[in-house]
Every structure is written in structure tokens, then in C-alpha cells.
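Take a look at the structure set out below.
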Amino acid sequence: GHLRRGQRARSARRLAGLADRLRRMMAAGSGSSLFDDITAHSGGGVKFVQENAVLAAVNETLASQQLGPSPVAYMGVLMMSLEAAPAQSPAAGAILTLLERTLAAVPPALLASKGARMGQIVVGVSNANVDTPAVLRPALLCVRRLLLALPPRAPDAAKLWRWLLAFTAHSHPKVRQRGQAACAEVLE
């Protein structure tokens, strides 16, 4: 829906505040090189606004739990955020974008042990946003990472593969292209 002028101003102030906190955390060394290109845009531009807001909230959660900014800690908080968010949350795409980058740095053995449950959550959020390319594109990359970590004969791997394969014929060209590329990478 459309936001009123006052709501837009409050949202802009809140995002600016989150961006400021994120910059302070990054300056204090609590950030991760996984997100350098995203945090480079935290100064109020339009690119990566939601990702920076989510990242600031994740960093606050890590700090409040006294956890260091490790890929495993980021994965845990992002998965909790994804699971707790409403099915069609505007932040879902941002959470999935950050999660995909995090999964790249998580040990494959950990992904293999948690992959089935993570896949269920990612697929559930994606299915609730089947017409939202901003959610589907990073979700496909997350599932690709999970598939690469799961044993090929695992029942959950077959379910994730069938789900991923369906996107090779998606109506949105960028989603279809991402689905095709993800399938090709899994097959390599």
C-alpha cells in the first residue's frame, strides 16, 4: 500500500538510524567482509536499503546475544528472522540475499546437517512470494547452496531439486534465468 507522508518520513528516519548504527558497528570492526558491497551503500542511497536495515538488526541481535559476527552466527539469526517474518514480508528478499552470501562461508558439513530444515523454510517463504522476483532470485541461490552441500541421494535433496527445477520455466525472465543457472551449477 501507499504510505502517507508522515509514515514515509518515519520510515526514512528509522532506516537512517539503522544505517548510522550499522556504520558505527562496521567502524568498530563488528562487520563481516561477506557484506562489504552491501554496507558500502548504507549511506542513504536506494541500493541495498532493505539489506542494510536487516543487516543492522542482525548485528544488533548478535551483539545482544554476545555472539561474534561469524558466518554460522549470521546464518542462525537470518534463519530465525526468515522463519519469524510474516510470509509475505517486504524484508524476505533482503533476508534471503544476506542468507545466500552467508551460506557461501558456512562449512559444508554444517549445511548438510541443517540443509533439510533450512530448505523447508526457504521454500515456504518462496512459495508465499511466488510472484515476487526479489524474493525468488535469492531463494533460488540459497537452495542451490543447500543442494550442493546435501548428499545427492538424500530424500530432501530430491525435493529441493524438483522445486528448483520448476523455476527453469518461470514466467518472469530473471527468475527463469536464475533457476536455469542454479540447476546447471548443481549438475556440474
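The values are calculated or read from the model by the stated rules, or taken from the named source; none is laboratory data. Everything numeric in this text was worked out from a predicted model, so none of it was measured. Glycine also receives a Cβ, built like all others from the backbone with ideal geometry; neighbour counts cover every protein chain displayed. Only protein heavy atoms, including side chains, enter the accessible area calculation; ligands, DNA and RNA are left aside. Shrake-Rupley method; radii C 1.70, N 1.55, O 1.52, S 1.80 Å.
In the stretch 67-83, the residues that are at pLDDT below 95 reach residues that are among the small types (Gly, Ala, Ser) and open to solvent by 20 Å² or more (accessible area, probe 1.4 Å) with C-beta atoms within less than 7 angstrom, at least six apart or across chains, in these pairs: PRO69/SER30; PRO69/GLY31; PRO71/ALA105. Note on the stretch 138-162: residues that are in contact with an Asp or Glu (Cβ under 9 Å, 6 or more places away or on another chain) and of a type in the set (Lys, Arg) amount to 2. Residue count for the stretch 38-66, restricted to those that are modelled with pLDDT under 90, in a helix (DSSP H, G or I) and more than 21 Å from VAL135 (Cβ to Cβ): 1.
Exactly one of these conditions fails for ARG101: (1) free of Cβ contacts under 8 Å to residues at least 12 places away in the same chain; (2) touching a Leu at 6+ places or on another chain (Cβ under 9 Å). Give me its number. Exception for ARG101: condition (1). Taken together, the residues in the stretch 129-170 that are under 25 Å from PHE48 (Cα atoms) and among the small types (Gly, Ala, Ser) amount to 2.
Exactly one residue out of LEU140, LEU99, LEU110 is modelled with pLDDT of 95 or more and farther than 14 Å from ALA182 by Cβ: that is LEU99.
Screening the candidates VAL143, VAL106, VAL186, VAL130 for the property of being surrounded by fewer than 23 Cβ atoms within 10 Å (Cβ to Cβ), of a type in the set (Val, Ile, Thr) and assigned to a helix (DSSP H, G or I) yields one hit, VAL186. Answer yes if at least one residue in the stretch 86-95 is of a type in the set (Ser, Thr, Tyr), within 20 Å of ASP36 (Cβ to Cβ) and within 18 Å of the chain's Cα centre (by Cα), and no otherwise. For the stretch 86-95, residues of a type in the set (Ser, Thr, Tyr), within 20 Å of ASP36 (Cβ to Cβ) and within 18 Å of the chain's Cα centre (by Cα): absent.
Determine the pairs where a residue that is touching a residue at least 60 places away in the same chain (Cβ under 8 Å) and charged (D, E, K, R), located within the stretch 174-188, has a partner that is open to solvent by less than 90 Å² (accessible area, probe 1.4 Å) and part of a helix (DSSP H, G or I) with Cβ atoms under 8 Å apart, the partner being 6 or more residues away or on another chain. If the second residue must be open to solvent by less than 90 Å² (accessible area, probe 1.4 Å) and part of a helix (DSSP H, G or I), no pairs are left. The set of residues in the stretch 146-160 being in a helix (DSSP H, G or I) and open to solvent by 60 Å² or more (accessible area, probe 1.4 Å) consists of LEU148, PRO155, LYS159. Of the residues GLY124, GLY179, the single one that is small (Gly, Ala, Ser) and either in contact with a Lys or Arg (Cβ under 6 Å, 6 or more places away or on another chain) or open to solvent by less than 10 Å² (accessible area, probe 1.4 Å) (or both) is GLY179. Number of residues in the stretch 70-95 that are assigned to a loop (DSSP other than H, G, I, E, B) and open to solvent by less than 50 Å² (accessible area, probe 1.4 Å): the value is 4.
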